[in-house]
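Some notes on the structure that comes next.
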Amino acid sequence: MTATRIDGKAFAATIRDRVAQHVTRLKEDHGITPGLAVVLVGEDPASQVYVRNKGKQTHEAGMQSFEHRLPDDTPEADLLALVETLNGDPAVHGILVQLPLPGHIDAEKVINTIDPAKDVDGFHILNVGLLGTGQKSMVPCTPLGCLMMLREHHGTLSGLEAVVIGRSNIVGKPMAQLLLGESCTVTVAHSRTRDLAETVRRADIVIAAVGRPEMVPGDWIKPGATVIDVGINRVPAPEKGEGKTRLVGDCDFESCAEVAGAITPVPGGVGPMTIACLLANTVTACCRAQGIAEPEGLTV
Ligand code: NDP
C-alpha cells in the first residue's frame, strides 16, 4: 500500500471532542444543553444499531438525547404529529427521523414537516435549496464528513477535478454541491454513465457512493488521487468461519491503495464521521436557534 490511509475514526474522535467542548461552553456560558431527538419507526436491525450509536454518542458529548421508538404499523398521521411536537419543543434543537421508513409512510412528507432549523440531516427541501444556491444551510452529515476529511487532507480543493459516483439525494447530490462550493470541477456519475472507468480516471478526488461491493478497481484511479469510499457493503467472509461476513466499501481497497495518494478505509473511514457530523450539526442548530456565534470547524 502506498496511499496515505485517511483515518476517519480518529478524525471523528477529534470532531466529537470539539463538539463536547462547545457543549460545555453552551452550558456554562448560556445555560443551554443542546438536544437531539431521534425517531425510529419499525424494527429494521441496521437502523436499530445506528439509533443506539447515535444516542450513546449524543450522551457522551454532553447533549440530551431523546429517543422515540414507534411500532412498524404507526400511522403516518401519528408520526407527523410527533414531528410537530418535537418542532415545538424548546429542549430539542435537532430532529432526525431514521430512514428507511415503512412503505405506508411518505418519507418526503415527514422530512418536509421537520422544522428546517432543526433538520440536522439536511434533507428538508429548504435546506436542499439553500445548499444548492450556496447559502448557509444544514448540511447532510455524510457529505459533510467527506468534505471535512478532504479539507483536512488537502487544505484547499479549488480547481481540483472531482468525480462523485452516485446521485442519491442523501449522498451523491449534496456531495457534488459541496465540492462545487469548494470550486472543484465536478462530475456526477451514475448507473447510466457511459464510460465510468475513463470518467473516474480524470479525477483528483473520487467519491464512491454506490452500494456495490468493491466496484471501483485500482486501475480506474489516477495516480495520487484521493479516494473517499462512502459505500458500506456486507459480504460473505468464509475465511472467518461459516456464515461470517465482513464490511467492504465500493472501492477495492487493496488495488486502489496501490495507486491513490490517499484513501479512506471501510470500516473506519466515512462511517464514524457521519455520526460525528450529526452531533456537530446539532450544536450548530442550537447556536443558530439561540443567536449565539457558531462554533468554528463544525460546519462549512
Ligand atoms: P443509493 O442506492 O440511493 O444510490 C446509489 C447510486 O449509485 C445511484 O445514483 C445509482 O445510479 C448509482 N449506481 C448504481 N449502480 C451503479 C453503477 N454500476 N455504476 C455507477 N453508478 C451506479 O445509495 P446511497 O447514496 O444511499 O448510498 C450509497 C452507499 O453509501 C451505500 O453503500 C450506503 O450503504 C452507503 N452509505 C454510507 C453512509 C455512511 O455513513 N458511511 C451513509 C449513507 C450511505 P442511478 O441513480 O442511475 O440508479
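Here, each number is a calculation from the coordinates, and none is a lab measurement. The shown structure was predicted, so the numbers you read here are calculated from the model rather than taken from an experiment. Every residue, glycine as well, gets a Cβ built from its backbone with ideal geometry; the counts of neighbours run over all protein chains shown.
Just a few scattered comments:
- In the stretch 188-228, the residues that are in a loop (DSSP other than H, G, I, E, B) and more than 10 Å from the ligand (Cβ to nearest atom): ARG194, ASP195, ARG202, ALA203, ASP204, GLU214, PRO217, ILE221, LYS222, PRO223, GLY224, ALA225
- Residue ranges of helices (runs of 4 or more DSSP H) in the stretch 1-113 with at least 3 members aliphatic (A, V, I, L, M) and in contact (Cβ under 8 Å) with a residue 24 or more places away in the chain: 8-30, 76-87
- Extreme residue, farthest from ARG246 (Cα to Cα), among residues of the stretch 211-236 that are surrounded by 24 or more Cβ atoms within 10 Å (Cβ to Cβ) and hydrophobic (A, V, I, L, M, F, W, C): ALA225
- Under the condition of being touching a residue at least 40 places away in the same chain (Cβ under 8 Å), surrounded by fewer than 23 Cβ atoms within 10 Å (Cβ to Cβ) and not in a helix (DSSP H, G or I), the residues counted in the stretch 162-184 number 3.
- If the condition is being in contact with a Lys or Arg (Cβ under 6 Å, 6 or more places away or on another chain) and under 13 Å from GLY94 (Cα atoms), then the stretch 34-64 contributes only VAL38.
- When restricted to residues that are closer than 16 Å to HIS153 by Cβ and under 22 Å from the mean Cα position of the chain (by Cα), the stretch 252-271 contains 7.
Yes/no per residue for (1) aliphatic (A, V, I, L, M); (2) more than 16 Å from the ligand (Cβ to nearest atom):
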residue: LEU126; (1), (2): yes, yes
residue: LEU144; (1), (2): yes, no
residue: LEU150; (1), (2): yes, no
residue: THR156; (1), (2): no, yes
residue: GLU161; (1), (2): no, yes
residue: ASN169; (1), (2): no, no
residue: GLY172; (1), (2): no, no
residue: ALA176; (1), (2): yes, no
